[in-house]
Amino acid sequence: MADMCTPESNGEEKSREIEILDQAIGTLDAWVRNRVGTNDLTLDGQRAESERVARLAVLCNALYPQVTPSPMPFGALSGGCFSEHTLLLGGVLDGTTDGIWEWRLDTDQLCLSSRWFSMLGLKEEHGPLPSSVWLDRVHPDDQAMLREAVERYLNSIDSSLAVEYRIKDAFGTWRMMACRGVSDGQTSGRGRWLVGTQTDITDQRFCDRATGLGNAELLNQHLDDICRSNSEQPLYLIKLALSNAEDVLDAFPPHHIEGGLRRLSRVMRCRLPPDTSLVALPNYQFGLVVEADSRATLSDIMDRLEAVLSEPVIFDETGVWLSHAMGIVEFHPGQVTNVPQLLMQARLALQHAVRTGVGSRCFYTDALAELTRHAGAGEQMIREALAHNGVRCFLQPIVSLSEGGRIVGFEALMRLQTEFGIIGPEYFIEVAERTALIHPLSRHLLEQAIDVLADPRFNTVYGSEFTVNVNLSSKQLLDATLVEWLMSALARRHVAPTRLQVEVTESSVLAEPQTARLTLEALRARGISIALDDFGTGYSSLAQLCDLPLDTVKLDRCLVMHIESDARKRHVLVSMIELCKRLGYRVVVEGVEDFPVLRTVRALGGDSIQGFIYARPLPVGRVIEELSLFPVMKA
């Protein structure tokens with residue numbers, strides 16, 4: 001990846017010179033924005049070359065005091081304004097970059113050193129000056145804090161005057177200053193004067209060391225300034241995450257990581273419009289504030305940025321491919337009154353983009369906020385259920401048609417007992433997967449399922465060989481402790497492993513196919529059966545029927561919907577049943593809800609069914625009583 005932006009050659013030397021000059025101005029402008037604020041100092045493409053050169057000179061002159069310590073001669077404090085105490089302080093600080101001030105409390109007048117003005121890019125004014133010259137430039141949110149710090153010191157509440165505040169420079173941007181001062185030491189009264197220094201700590205507060213860009217505090221300040229403005233221009237706040245950075249960069253020393261991130265930041269900065277703010281955020285994230293007149297324009301900008309991210313970044317002479325995702329919030333400055341809420345919206349959009357997948361862009365919407373609120377409520381319901389034994393096992397029977405409708409097993413289905421009553425998995429499974437709470441939830445369900453297998457009442461009614469099926473998610477298939485935990489739980493209740501069958505979907509296996517397959521093989525080697533659930537949905541592959549260690553295939557309900565009237569579905573179903581039988585698998589047809597479908601399934605060779613025609617899922621305590629009311633089916 002190149003470290004510099006290279007202007008495209010159009011064959012004319014003069015055009016190249018102008019473009020390079022514009023680029024230099026843009027680079028200086030970016031330096032100002034990233035280090036001290038976000039004022040746009042660039043020129044449009046229509047200005048004359050002479051204006052470009054003049055503006056570049058102004059920029060250089062303005063920036064020179066910021067990057068070059070310019071020792072102030074002792075005599076610079078002379079001229080009758082400063083007291084001898086301040087002159088002595090000036091001598092001590094000669095050669096530093098601190099601005100020196102003296103505040104005469106009896107007249108409320110100031111004397112300010114030439115460096116005090118130059119560090120803000122201001123033209124020097126000779127004193128005495130009204131205190132408003134200083135105080136009016138302080139950020140409105142910091143003025144009361146500065147005055148309070150002075151009062152506390154003068155009233156001997158604090159032993160020293162030390163305060164930090166934001167102050168506006170000549171470019172209209174905010175710089176962070178540290179102010180230190182002492183009084184004349186009068187033992188009676190409040191003293192006659194204060195003298196001290198003003199130190200520019202903008203870099204320490206607003207600069208990210210690893211990348212050289214601005215940091216989160218600078219982004220907050222910039223958004224606060226925008227929201228105070230009367231601009232009607234729509235803006236976009238973007239959070240960009242390098243989603244795999246922690247995984248792939250852990251092997252590199254810190255200085256190599258910083259070097260690579262600096263190179264990436266330079267190229268990103270060059271590919272973005274000059275008026276775009278770019279800052280570095282924690283956890284390998286970046287923040288951007290982009291001006292764009294439409295989403296199409298924004299998309300073009302994001303395309304250029306993604307072109308950078310699609311190339312490897314060099315870390316210690318090694319090219320590393322970094323994955324990314326973006327969360328985007330469109331906002332109008334005049335309509336935003338709460339910067340933290342704006343940042344929260346960008347965070348939610350980014351979280352959704354990361355979950356969606358590599359390269360995703362997600363715009364914040366009210367619907368996304370509602371989804372997040374539900375997810376938050378879902379997590380609380382899960383934790384409440386885990387803490388108060390609220391995980392419930394419901395059972396739905398699996399019925400053998402070839403044995404006259406005998407119940408040969410059950411599928412154990414999870415429900416949660418909440419203050420709103422019993423709720424189904426549609427309200428909590430997605431949250432459980434995302435938060436890893438699926439592990440304790442599933443173990444609660446498995447323990448209850450094994451209790452059913454050990455229950456003498458169930459064994460008396462349904463025989464000692466009925467099975468219970470329990471679903472495993474992709475997260476559980478990656479759990480290295482699952483197999484031994486299951487075997488231990490079965491042994492404690494003296495239940496044979498052959499009576500437990502775990503169900504997996506093709507998508508849960510394909511999330512991490514090698515690890516998932518090893519888990520399934522380990523379970524099957526210990527006698528636990530494996531069923532492939534929901535086969536026939538999505539992108540189900542026939543190859544999985546040959547590759548996975550399976551005992552049963554459960555055909556999804558979509559294959560039997562309208563099967564009586566759709567000849568093509570009947571052909572598909574009979575082919576599936578025949579194929580699975582030839583491969584030696586048991587077949588369960590799901591979603592059988594009425595007798596016409598039941599008769600068709602049986603006629604096509606289906607041996608076992610599961611569906612509402614026999615029973616909806618029931619709590620464990622009601623299964624024996626309520627299912628005994630149904631006559632044996634003779635389809």
- Only one of (1) surrounded by 19 or more Cβ atoms within 10 Å (Cβ to Cβ); (2) within 18 Å of the chain's Cα centre (by Cα); (3) over 25 Å from SER231 (Cα atoms) does not apply to VAL289, and that is (3)
- Return yes when GLY404 is small (Gly, Ala, Ser), under 29 Å from PHE595 (Cα atoms), out of contact with any Leu (no Cβ under 7 Å at 6 or more places or on another chain) and in a strand (DSSP E or B) and no when it is not. no
- Message: Considering only residues that are assigned to a strand (DSSP E or B), in contact (Cβ under 8 Å) with a residue 60 or more places away in the chain, closer than 22 Å to LEU386 by Cβ and open to solvent by less than 10 Å² (accessible area, probe 1.4 Å), which ones fall in region 444-502?
- Response: VAL468
- Item | Test: LEU416 is crowded, with 19+ Cβ neighbours inside 10 Å, in contact with a strand residue (DSSP E or B) (Cβ under 7 Å, 6 or more places away or on another chain), of a type in the set (A, V, I, L, M) and not in a strand (DSSP E or B) | no
- Of the candidates SER277, SER183, SER265, the one satisfying the condition of being among the small types (Gly, Ala, Ser), without any contact (Cβ under 8 Å) to a residue 40 or more places away in the chain and surrounded by 19 or more Cβ atoms within 10 Å (Cβ to Cβ) is SER183
- Query: Restricting attention to region 253-262, does a residue exist that is open to solvent by 40 Å² or more (accessible area, probe 1.4 Å) and in a loop (DSSP other than H, G, I, E, B)?
  - Reply: yes
- Task: Can you confirm whether region 309-318 contains a residue that is among the aliphatic types (A, V, I, L, M), under 18 Å from the mean Cα position of the chain (by Cα) and in a helix (DSSP H, G or I)?
- Result: yes
- Item | Condition met for SER575 (over 24 Å from GLY463 (Cβ atoms), at pLDDT 90 or above and either among the small types (Gly, Ala, Ser) or open to solvent by less than 40 Å² (accessible area, probe 1.4 Å) (or both)) | yes
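Residue-by-condition table, conditions (1) among the polar types (S, T, N, Q); (2) buried (at least 17 other Cβ atoms within 10 Å of the Cβ); (3) over 17 Å from the mean Cα position of the chain (by Cα):
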residue	(1), (2), (3)
ALA346	no, yes, no
VAL354	no, yes, no
THR365	yes, no, no
ARG373	no, no, no
ALA377	no, no, yes
- Task: Name, by its number, the condition in (1) at pLDDT 90 or above; (2) surrounded by 14 or more Cβ atoms within 10 Å (Cβ to Cβ) that does not hold for ASP607.
- Result: (1)
- Task: Within region 430-453, track down each residue that is aliphatic (A, V, I, L, M) and closer than 19 Å to LEU627 by Cβ.
- Result: ALA449, VAL452, LEU453
- Message: Checking VAL290 against (1) of a type outside the set (Asp, Glu); (2) in a strand (DSSP E or B); (3) closer than 18 Å to GLY359 by Cα: exactly one of these is not met. Which one?
- Response: (3)
- Query: If we scan region 322-334, do we find a residue that is over 28 Å from ASP293 (Cβ atoms) and either part of a strand (DSSP E or B) or open to solvent by less than 50 Å² (accessible area, probe 1.4 Å) (or both)?
  - Reply: yes
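The values are calculated or read from the model by the stated rules, or taken from the named source; none is laboratory data. Here the structure is a predicted model, which means the values were calculated and not measured. As a convention, Cβ positions derive from the backbone with ideal geometry for all residues, glycine included, and neighbour counts pool all protein chains shown. Note: areas computed on protein heavy atoms with side chains; ligands, DNA, RNA excluded. Shrake-Rupley method; radii C 1.70, N 1.55, O 1.52, S 1.80 Å.
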